[in-house]
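Since the structure comes first, as C-alpha cells, the remarks are kept for the end.
The values are calculated or read from the model by the stated rules, or taken from the named source; none is laboratory data. Keep in mind that what you see is a predicted model, and the values were worked out from it rather than measured. Every residue, glycine among them, receives a Cβ derived from its backbone with ideal geometry; neighbour counts consider all protein chains shown. These area figures cover heavy atoms from the full protein model, side chains too; ligands, DNA and RNA do not enter into them. Shrake-Rupley method; radii C 1.70, N 1.55, O 1.52, S 1.80 Å.
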Amino acid sequence: FIGPHVKLALALEDLLFEKNFECPVCDKKFKQWVVRGNKARLMGSDKDLRPHHEHIDSTKYDVVFCNRCGYAALMRYYGPLAKPHRDLLKENIYSKFKPMAEPGMKLSYEDALIRYKMALYNAMCRQAKSSEKAYICLKTGWIYRGMQEQLGEDVPADAPERKELLEKEEESLKNALEGLLIARETETPPIAGMNLTTLDYLLAVLCVRFGRLEDAMKLLQELIRSTSASNAQKEKARDLVLEIRQKMKEKE
C-alpha cells in the first residue's frame, strides 16, 4: 500500500528535476527544483494566460532564489549581472538578509509567495525594466489565485481569508497592467517573452477585469487587424469583443 503523500512525492519526482545554479551576487552554487517542460502536461490556461498543468502548479517553481544572500529572479531573467547592479543588491539586500532554509521539492504557495516578493524587491533594487517588474506582479497574482483555489469549496466566497487573497490578487494584477502598458510604449517586443499580439490580448483581458472597457476594445481591434496575429488569436479576441459589448450594454 502506498499512501497519498508517497504518491504525491512520486508524482513530483516525475515532474521536477534539480537544476544547478550559481548566484550572480554571492557566487554560491546551489540546486533548485524546476519543472520538467516535457513532463508537465498543459491542460489549458486562464484568460490572463495563467497555465494549468496536470498535477502541478508550475508558477510556484518559476523563481530562482539564493537562500544565502536573498537574490531572486524569474527563471527567464536569471543570469549574470552588471557590477553596478550586483553592488546595489549587495548593499540593499545581501548585507541585511538572514539565510533561509531550503523548503525542498514540495513548494507551498506560501514559500512561492516569499520568492516572488523577493524577486520583485530585487528587480526594484537593480532598476529592472518595467516589463520584468510587471511580469513578476502578474505571476504573483496567479500565486494568490492558486492560494484561493487551495482553500477549497468549503470556504465561502465571503470568508475573510478568501476576500483578502482576492484583494491581493487584484492589487498584483493592477500593478501588472500598469507596468505592461508602460512597457508596451517604451520597450521593443518581445516583452516578457511575449510578442505584441499576445501582449495586447493579455492587456485587453486585464483592462476588462478592471473596467477599462474602451482601452480593451482598442487593443483588441488592433489585434484583429494585425497581419501577424494567428487565426486562433483573432478568434479569442473576437470572443472578448463580444463580452465587452455585452458589458457596455449592461452599463447603459
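Evaluate the following for R162: is it under 29 Å from L242 (Cβ atoms) and among the basic types (K, R)? So R162 does not fit the description; no. The residues in the stretch 81-112 that are in contact with a Leu (Cβ under 8 Å, 6 or more places away or on another chain), assigned to a loop (DSSP other than H, G, I, E, B) and open to solvent by less than 50 Å² (accessible area, probe 1.4 Å) can be counted, and the count is 2. Here the helices (runs of 4 or more DSSP H) wholly within the stretch 133-245 that include at least 1 residues being open to solvent by 10 Å² or more (accessible area, probe 1.4 Å), under 15 Å from R50 (Cβ atoms) and out of contact with any strand residue (DSSP E or B) (no Cβ under 6 Å at 6 or more places or on another chain) are 160-186, 196-209.
The listed residues are K60, K19, K47, and the only one of them that is more than 19 Å from G141 (Cα to Cα), of a type in the set (D, E, K, R) and either open to solvent by 20 Å² or more (accessible area, probe 1.4 Å) or touching a strand residue (DSSP E or B) at 6+ places or on another chain (Cβ under 8 Å) (or both) turns out to be K19. Screening the stretch 65-80 for residues that are within 13 Å of the chain's Cα centre (by Cα) and not in a helix (DSSP H, G or I) and picking the one that is farthest from E22 (Cα to Cα) gives L74.
Applying the selection to the stretch 113-132, what residues are open to solvent by 30 Å² or more (accessible area, probe 1.4 Å) and more than 22 Å from F30 (Cβ to Cβ)? If the condition is that a residue be open to solvent by 30 Å² or more (accessible area, probe 1.4 Å) and more than 22 Å from F30 (Cβ to Cβ), then M124, Q127, K129, S130 are the ones that fit.
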